[in-house]
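The values are calculated or read from the model by the stated rules, or taken from the named source; none is laboratory data. The model shown is predicted, which means the values in this text are computed figures rather than measured ones. Glycine gets a Cβ as well: all are built from the backbone with ideal geometry, and neighbour counts include every protein chain shown. The area values use the complete protein model at the heavy-atom level, side chains included, leaving out ligands, DNA and RNA. Shrake-Rupley method; radii C 1.70, N 1.55, O 1.52, S 1.80 Å.
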Amino acid sequence: QVLLAESGGGLVQPGGSLRLSCAASGFTFSIYAMSWYRQAPGKERELVASITSGGGSTNYADSVKGRFTISRDDAKNTVYLQMNNLQPADTGIYYCHARRIVNVLWGQGTQVTVSS
């Protein structure tokens, strides 16, 4: 069964940190590019960060550059998103995304709420 399972979301105060994890199963994780998207209430889903297969290249939305770091561990079939200095604007549902050519997979999402 193909599955992307996110974890690590929660409630955090402004300036705090969270690390999201996405565990993959049922497909060859290492050959897929992986990304994190988020969707804030009333807004469209947006790309937050991506990492190529092999991890040689990463890309970030301007709004998270310098604060978020995406990484992957192919031995554990897992992609991570380290989020530092979180702000209320970072609130939303964070989704894990896998892509190889025309094959696209989505996780069910994990809620991140930044509030005092």
Exercise for the section: Note down the magnitude of the dipole of region 31-71 about its Cα centre, charges +1 on Lys and Arg C-beta and -1 on Asp and Glu C-beta and zero elsewhere, to the nearest 20 debye. Expected result: 100
Problem - Shape parameters for the chain, alpha-carbon atoms, Rg then Dmax in Å - result: 13.4, 42
Problem - Relative contact order of region 33-116, pairs being alpha-carbon contacts under 8 Å that are 6 or more residues apart, as % - result: 28
Problem - Accessible surface of region 1-68 [probe 1.4 Å, protein heavy atoms]: carbon and sulfur percent - result: 46
Problem - Contour minus Cα-Cα distance for Ala75 and Gln111 (0.36 nm per residue) - result: 10.3 nm
Problem - For the chain, accessible area per residue (1.4 Å probe, heavy atoms of protein chains only), Å² - result: 53
